[in-house]
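Below is one structure, written out as structure tokens, with a few remarks after it.
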Amino acid sequence: MIDLTPAAATELKRLQSRYPQATAWIRFEVQTGGCADFSYEIRFDSEKQETDQEYAYEAIAIIIDPNQLTYLDRLKVDYSDDLMGGGFRFHNPNAARTCGCGQSFSIS
């Protein structure tokens, strides 16, 4: 399960409203790379696979490939609009370490 702060939920809703062609699903996933092995990715997805896990947070439909749950279970996502370094912030209890920017992580 992914937990969104009110600020992150507001930003995701804002992004969905800016892209009317976007589908109702927002996919959270992990990609290999970044300065600490894995990096987070949030994107719109027009296709939901049968095996995808679906979570709802207010009016936001989040989908996750079940193979990604090892990395994303209990992830807390926040959003900050600071002038310097604003954007989504990730707090992952599964991470053994994170990089300085907080956008990538490794697990043990």
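The values are calculated or read from the model by the stated rules, or taken from the named source; none is laboratory data. All figures in this text were calculated on a predicted structure; none of them were measured in a lab. Cβ: placed from backbone, ideal geometry, glycine included. Neighbour counts: every protein chain shown. Heads up: the accessible areas ignore ligands, DNA and RNA and are worked out on the full protein's heavy atoms, side chains in. Shrake-Rupley method; radii C 1.70, N 1.55, O 1.52, S 1.80 Å.
Run the quick spin-label model on Gln31 and Asp73: label points 7 Å from Cα toward the beta carbon, then report their separation in nm to one decimal.
For the pair Gln31/Asp73, the computed spacing is 2.6 nm.
Please give the length that would be gained between Ala24 and Ser46 if that part of the chain were fully extended, namely 0.36 nm times their separation in residues minus their C-alpha to C-alpha distance (nm, one decimal).
On the way: separation 22, 0.36 × 22 = 7.92 nm, distance 0.78 nm.
Stretched fully, the Ala24-Ser46 segment lengthens by 7.1 nm.
If I compute solvent accessible area with a 1.4 Å probe over the protein chains, what percent of it on the stretch 1-91 is carbon and sulfur?
Working: 2620 of 5400 Å².
With neighbouring chains kept in place, the figure for the stretch 1-91 is 49 percent.
Can you classify the stretch 1-96 as rounded, prolate or oblate using the Cα gyration tensor, where a ≥ b ≥ c are the square roots of its eigenvalues, rounded means a/c under 1.5, and otherwise it's prolate if a/b beats b/c and oblate if not? Please report the intermediate quantities before stating the final value.
Details: a/c = 1.56, a/b = 1.04, b/c = 1.51.
In terms of gyration-tensor shape, oblate.
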